[in-house]
Each structure stands twice: as structure tokens, then as C-alpha cells.
Amino acid sequence: MDIREILEKRILVLDGAMGTMIQRYDLQEEDFRGERFKDHASELKGNNDLLSLTRPDIIRDIHKAYFEAGADIAETNTFTSTSIAQADYHLEDAVYDMNYASARIAREVADEFTAKESDKPRFVAGSIGPTNRSASITPDVNNPGYRNIDFDTLRKAYREQAKALLDGGVDLFLVETVFDTLNAKAALFGISELLEEENKQVPVMVSGTITDASGRTLSGQTTNAFLISLEHMPLLSIGLNCALGAKDLRPYLQTLARNARFFVSTHPNAGLPNEFGEYDQTPEEMAAQIEEFLGEGLINIVGGCCGTSPEHIRAIAGAAAKYSPRKLKTAVV
């Protein structure tokens, strides 16, 4: 069944945090190295995307846990799987394999659950993170015109990632945690080039991140400006994730719901981090906050970001099942 048809009938549930779950396994350097990278010169601990190659059993179990909790869409374990981000570990040559393996793991688990519940198809979203570079913001306060990345380099890196995800069998692309819209445009350009070359149509989700109480992205855009910058693209959905908890995202989701001609998504953090960088919000507390904008009819896709777990997703899925999805409307921006 086409995901658009389902979205018109009910709210779909995205999975939760991958990193939060990986932390529960207390992995060591050898887990990240495996056999393939045992002699790699750089330290690899913390490179979670690499686990799709070295500990696929863990990634498989995490996807399974989220689907069992009620998720309809699994994000691939590829948030940092671009040649740009993996350069920190000197693993640019492994990028295709990381993305392909991550997509295959998620695809196989999704298909297993769909086979068991044919009336509840599971989908796989290829997670495409923002990289650790910005095309709009200088890293040198003394040289405002300097950039350490350019649009074409970003486009090529995103296209490379998208190609591997597509080959691995994703149903969607999710360009997420966008802090710089120019980076997102490079990703969308790369994806569009790829799909045209492959003669395929794959829905694309975009999710930005509001960095603080100012209500702006890191590159300075308001939510409305973020929407206007991207609304020329034929997106499946536009939304917000990370940085803030559900309560703080509500006014910005209201803006998207009022103006976007696409479906609207959100996957907030489990509140704000405490002084130790940990997330204390319980599944029940998070679901209660999300239920407020579910009741307002603001969203079509909902899940969790940093600090969330299958327990959070189960509570969110339970809340989402009680409400109708936001209806698509003509943009009024």
C-alpha cells in the first residue's frame, strides 16, 4: 500500500533513538572494529553507524524492539554515514557498505513484521543526517566569508549515501535534523539527481531542528522561512525533530500545520537533557505532551529522537492511535 494513502487515514509512528539504545549495550572498541576493521589506525568507538557492519545483530534487535513497540517506520542506522562525517574516522571508503548494510538490516526486519501483520505494513526510511559541516556558517569567527565545505561537495556526498540506501531497499528518504537549509538543499538536489538517473520515485521526508528558545534553526531561519525555502520540492512531509522536547516544539508545529501543503512530522527529544546530558522524561510524560498537539490535529507522523526508547514509542503509539491525522491543505504562506 502507498504510504500516502495510509497517512490520509491514520497517524504513522516513527521509531525512536538509535544511540540511546546502543548505549544500553555498553560496547567496547572491539565491538566497533569487528574483524574487518581490527587493524584500522583510528579509534572507532562511538561510531554507531559502523555497527551495521560489525555488530548487525544489535542493530537488528533495536529495529525489532521498535516495531514491537508499535512503530510503522524504522530509520536506518545511517545518521552519520556520509563520506564527510566518516572522514573523522578515516572511513570514507566504507560509506557505501555502511549505508547498504544498514538499509538491508532494517528492510529485512520490516518485511518480517509486515509478513506477520499484512494490515500494518512497515516502512524503512533512509536516515540522512546534516553532516558535521555547514554550507552557510563559517567555522572561523575571524573570517565570516570562510566555509569548510561547499554545496557541490555536499551534493555528491549525499548522493553517494542515497544511492547505497536505495540499493539497500529503503522506502523513503529522511533528511533530518536540518540545522542549515543549504545543506538540506544539497541533499535534496543529490537525491533528485539520483532518482532521475535511476528512473525511480521515492518519497522524501525533511525534518529541521530548532536549536533554542529563539525558534530558529542554527543558520537563523524561523520555522516559516524554513518551510518557504523548501516548499518548491515535492516532499512527502516536512517536520521538526531533536534539540527540543515535545512541549517546546508545539508552537513551531502549529506554524507548519497551518501553512505546509505536505504531511507534517515530528520526532522530539525526551524533554531537555539534564546536567549530565541525560534525558529524564518518562514515556508517560512525553506521550502526554505529544497528545496535546495530536488533539489539535497538527501532525501526520510522530516518533522520538534523543533519549527515547521502545518504551517511549509504545506510549506515543498508544496516544497516536486515538486521534485522526492532520488533513492536507493548500499552502497559505
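The values are calculated or read from the model by the stated rules, or taken from the named source; none is laboratory data. Just so we're clear, the structure is a prediction, and the values are computed from it rather than from any experiment. Counting neighbours? That spans all protein chains shown, and the Cβs are built from the backbone with ideal geometry, glycine included.
For the range 191-209, enumerate the residues that are farther than 22 Å from VAL13 by Cβ, part of a loop (DSSP other than H, G, I, E, B) and touching a residue at least 12 places away in the same chain (Cβ under 8 Å).
Hit for the range 191-209 is LYS200, nothing else.
Inspect the range 26-36 for any residue being in contact with a Leu (Cβ under 9 Å, 6 or more places away or on another chain), surrounded by fewer than 20 Cβ atoms within 10 Å (Cβ to Cβ), of a type outside the set (Lys, Arg) and not in a helix (DSSP H, G or I) and give the result as yes or no.
Yes, some residue in the range 26-36 is in contact with a Leu (Cβ under 9 Å, 6 or more places away or on another chain), surrounded by fewer than 20 Cβ atoms within 10 Å (Cβ to Cβ), of a type outside the set (Lys, Arg) and not in a helix (DSSP H, G or I).
Restricting to the range 37-80, give me the number of residues that are of a type in the set (S, T, N, Q), out of contact with any Gly (no Cβ under 8 Å at 6 or more places or on another chain) and assigned to a loop (DSSP other than H, G, I, E, B).
3
Residues of the range 105-128 being closer than 20 Å to PRO56 by Cα and not in a strand (DSSP E or B), which ones?
Selection gives ILE105, ALA106, ARG107, GLU108, VAL109, ALA110, ASP111, GLU112, PHE113, ARG122.
I need a count of the residues in the range 95-133 that are more than 18 Å from the chain's Cα centre (by Cα) and closer than 20 Å to ILE191 by Cα.
Looking only at that region, the number is 2.
Can you pull out the residues in the range 239-264 that are more than 16 Å from the chain's Cα centre (by Cα) and not aliphatic (A, V, I, L, M)?
LYS247, ASP248, ARG250, PRO251, TYR252, GLN254, THR255, ARG258, ASN259, ARG261, PHE262
Taking the conditions exactly as written (in contact with a strand residue (DSSP E or B) (Cβ under 6 Å, 6 or more places away or on another chain), more than 18 Å from GLY129 (Cα to Cα) and aliphatic (A, V, I, L, M)), does ALA41 satisfy them or not?
no
Take the conditions at pLDDT 90 or above and over 16 Å from the mean Cα position of the chain (by Cα) and apply them to GLU176. Does it pass?
Answer is no for this residue.
So which of PHE37, PHE67 ends up being closer than 27 Å to ALA319 by Cβ and in contact (Cβ under 8 Å) with a residue 12 or more places away in the chain?
PHE67
Please give the number of the condition ASP2 fails out of (1) free of Cβ contacts under 8 Å to residues at least 40 places away in the same chain; (2) more than 28 Å from ASN300 (Cβ to Cβ).
(2)
Which of the residues spanning the range 144-186 are among the charged types (D, E, K, R) and either closer than 14 Å to VAL204 by Cα or in contact (Cβ under 8 Å) with a residue 40 or more places away in the chain (or both)?
ARG159, GLU160, LYS163, ASP167, ASP171, GLU176, ASP180, LYS185
Kindly provide the set of residues from the range 311-327 that are within 15 Å of MET18 (Cα to Cα) and buried (at least 24 other Cβ atoms within 10 Å of the Cβ), ordered by number.
Selection gives HIS312, ILE313.
Exactly one condition in (1) in a strand (DSSP E or B); (2) touching a Gly at 6+ places or on another chain (Cβ under 9 Å) is not met by TYR323; state its number.
The number of the failed condition is (1).
Condition check ((1) surrounded by 22 or more Cβ atoms within 10 Å (Cβ to Cβ); (2) of a type outside the set (Val, Ile, Thr)) across all residues:
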residue	(1), (2)
ARG55	no, yes
ALA65	no, yes
GLU68	no, yes
SER83	no, yes
VAL95	yes, no
SER102	yes, yes
ASP111	no, yes
SER127	yes, yes
